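The structure appears below as structure tokens.
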Amino acid sequence: MNRISRRLTFQFVAQLVLFILVMALGALILLVYIGLQTEKHAAQNPEGLPGLGAFRSSFAVKGGQPVVDAGWASALPERGGWLQIVSPEGRVLASSAAPADVPGQYAPGELFAYWKKELPFPYALTVNRVEKDSTTYVVVYGEKRKAEQALQQALPAFDGRALSPAGEQALRQQQASLHIYDADGRLLHTFGEGQALRPEASLGDMLGSASASGKTEAEEAVHFDPATRQTWIVRTSDGMAAEAGEGIDRIISNAFLAYFIGLAAFILLLSYVYGVRFGRPFRAMLEFIEQLASGNYAQPPRTGKGKSRGSGNRLRKPKGTFRLFREVNESLEGLRLELARSEQLRNRLEQTREEWITGVSHDLKTPLSSISGYAHVLESAPYSWSGEELQTIGRTLREKSDFMSELIEDLSLTYRLKNNALPLDRKPSDVNEVVRRAVVAFMNDPQAASYAITFSPSSSPVTYPIDRKWFTRIVDNMISNAIKHNPAQTAIDIAVKGEPGQGFSVTIRDNGAGMDPRTLDRLFDRYYRGTNTEETTSGSGLGMTIAKQLTLAHGGDIAVRSELGEGTEIVLRFGGA
């Protein structure tokens, strides 16, 4: 999957690089366009001051003293502006057209406060720092505030009902509007290009409007006439009087709008292309997964090239973007094969379970038939039974009932082990002694008398935490299985061997009939009974399953080696205590 990650990373990085390149190219085109349009707009602006903003060209340094450029000096009066060259300490070194009310010396922070409108100042300021000959100069350009100029020109031009043409011309020149309110705050007159602030105005409205105008490039001037108790509000606009396509703000806004529209269109196109490229293999894989979920584990159907449902062919022979996910396709194919094998195994397991149920039913039916037969005889036959006959009947009934109880107990035990519901009381124990007692019990059993059973303990003591009852059950099942499935005179050897640092092992070895590969492969299946089991052999087919589950519960594992005619060797290995 690391290869998929690398390929996808490359694809998305390439996509990101392409996107960044397109953005950069678009931004470059945008900046070039804005620059060209700005120069064109400045050239067409009759009121534009040549070089305004390029303050470096506004003066020169001669003999260590700044001198205002002649071009700037001649253009300042026409615009109604003035210029000062100030040292970093606040001393005015040179000036041109500066009014008398402009300071010739600025205290630290004073110029900054005027510039940021934190202190009242009758002029709008533009301030810039210029480096020349390793010396820092501050260039201050000022103009009379447009709103104040328009207000001063409009006051004498109003006759109480109308504004004279000269007054209206003054408002247009300053791109300003005039609103006159009576003593109750009702709007009386509106002049200029702007709209009324409100049909009615209060002190709070005026204060809020003035505060808002300080945050933009618009200006406001307020005049109160004590005689008429009228309030005059003159407001300049930061663009409301410009026609469409005129003004640098409109140029910039239109350029950015076009840029973002183009960028959005490119993003949509790129998203569509990548959506289609990556969507097709995902759709093919999802169809394959749906096929597997429905239980169909066959190969995906082959369809002709170019058809919409060509997922099967592409999953086997990936092309284009399908190559990005070839490991996923291979994993899905592996999953299909594994599911197919699991389905076959489940069917085989189901068949084996049915066979096991049939065998268990037969094992239960045989003792039940004996018990039922003796019960009918005892119930109906008018016969006087001797003590020996009653003892024989009782022994038979007990043996059959014991067999049934053992079978039921094995069934319960195997499912408890399967669900980890069997508690083990594991305590450090002498393994040699536990195994020896289990072997001695078989040696003393008359049914095992015809088998040569031997025990070889470990040469060194072996102590391991075990549950003595269930560990003994492991050894019993292993020896019992060797007896059941081998002819008389078979030698069965049980050996315990200590393995330093690795715990110990218990080996059960016989020289009997051995097992064929099929029996060996299914030796520990829960529902399997060996094919070489004789018909008369009793048992549930759970002994080896229980032994393996108990071994695993004790932290061990089982290894089996067997060949037909060569015998069988089973090795139980347990980790260190």
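Structure notes:
- Matching residues, the range 31-44, being modelled with pLDDT under 75 and among the hydrophobic types (A, V, I, L, M, F, W, C): 42, 43
- Pairs, first part of a helix (DSSP H, G or I) in the range 5-16, second modelled with pLDDT of 70 or more and open to solvent by less than 40 Å² (accessible area, probe 1.4 Å), C-beta under 8 Å, six or more apart: 15/270; 15/274
- Candidate set from the range 161-173 (those that are open to solvent by less than 10 Å² (accessible area, probe 1.4 Å) and over 30 Å from residue 58 (Cβ atoms)); member that is nearest to the chain's Cα centre (by Cα): 171
- Some residue of the range 415-423 being open to solvent by 90 Å² or more (accessible area, probe 1.4 Å), charged (D, E, K, R) and either at pLDDT below 85 or more than 56 Å from the chain's Cα centre (by Cα) (or both): yes
- Boolean, residue 512 is in contact with a helix residue (DSSP H, G or I) (Cβ under 8 Å, 6 or more places away or on another chain), modelled with pLDDT of 90 or more and over 23 Å from residue 406 (Cβ atoms): yes
- Some residue of the range 276-283 being more than 26 Å from residue 337 (Cα to Cα) and out of contact with any Ser or Thr (no Cβ under 8 Å at 6 or more places or on another chain): yes
- Test: residue 95 is more than 15 Å from residue 138 (Cα to Cα), small (Gly, Ala, Ser) and modelled with pLDDT of 85 or more: no
- Filtered residues of the range 145-176 (kept if touching a residue at least 24 places away in the same chain (Cβ under 8 Å) and among the acidic types (Asp, Glu)): 148, 168
- So residue 28, is it at pLDDT 85 or above, of a type in the set (A, V, I, L, M, F, W, C) and farther than 25 Å from residue 254 by Cβ: no
- Tally, over the range 504-520, of residues that are closer than 9 Å to residue 562 by Cα and open to solvent by 50 Å² or more (accessible area, probe 1.4 Å): 2
- The range 128-144 - residue that is without any contact (Cβ under 8 Å) to a residue 60 or more places away in the chain and assigned to a strand (DSSP E or B) and, of those, nearest to the chain's Cα centre (by Cα): 129
- Hits in the range 115-137 - residues which are in contact with a Phe, Trp or Tyr (Cβ under 9 Å, 6 or more places away or on another chain) and either of a type in the set (Asp, Glu) or within 25 Å of residue 61 (Cβ to Cβ) (or both): 115, 118, 125, 126, 127, 128, 129, 130, 131, 132, 137
- Of the residues making up the range 106-121, those that are touching a strand residue (DSSP E or B) at 6+ places or on another chain (Cβ under 7 Å) and loosely packed, with under 12 Cβ neighbours inside 10 Å number 0.
- Among the residues of the range 174-194, those that are open to solvent by less than 50 Å² (accessible area, probe 1.4 Å), more than 60 Å from the chain's Cα centre (by Cα) and closer than 16 Å to residue 161 by Cβ comprise 180, 181, 182, 189, 191.
- For residue 177: the one exception among (1) within 20 Å of residue 223 (Cα to Cα); (2) in a helix (DSSP H, G or I); (3) touching a Phe, Trp or Tyr at 6+ places or on another chain (Cβ under 9 Å): (2)
- Scanning the range 455-493 for residues that are more than 27 Å from residue 423 (Cα to Cα) and outside any loop (DSSP other than H, G, I, E, B) returns 455, 456, 482, 483, 484, 491, 492, 493.
- Residue pairs meeting the criteria (Cβ under 9 Å; at least 6 apart or on separate chains; first open to solvent by less than 40 Å² (accessible area, probe 1.4 Å), in the range 43-68; second of a type outside the set (Gly, Ala, Ser) and modelled with pLDDT under 55): 58/52
- Scanning the range 146-160 for residues that are in contact with a strand residue (DSSP E or B) (Cβ under 8 Å, 6 or more places away or on another chain), open to solvent by 40 Å² or more (accessible area, probe 1.4 Å) and in a loop (DSSP other than H, G, I, E, B) returns a single hit, 155.
- Selection from the range 368-405 of residues that are surrounded by 11 or more Cβ atoms within 10 Å (Cβ to Cβ) and not in a helix (DSSP H, G or I): 385
The values are calculated or read from the model by the stated rules, or taken from the named source; none is laboratory data. Model, not experiment: these values are computed from the prediction. No Cβ is skipped: glycine too gets one built from the backbone with ideal geometry, and neighbour counts run over all protein chains shown. Surface accessibility is based on the protein's heavy atoms, side chains included, excluding ligands, DNA and RNA. Shrake-Rupley method; radii C 1.70, N 1.55, O 1.52, S 1.80 Å.
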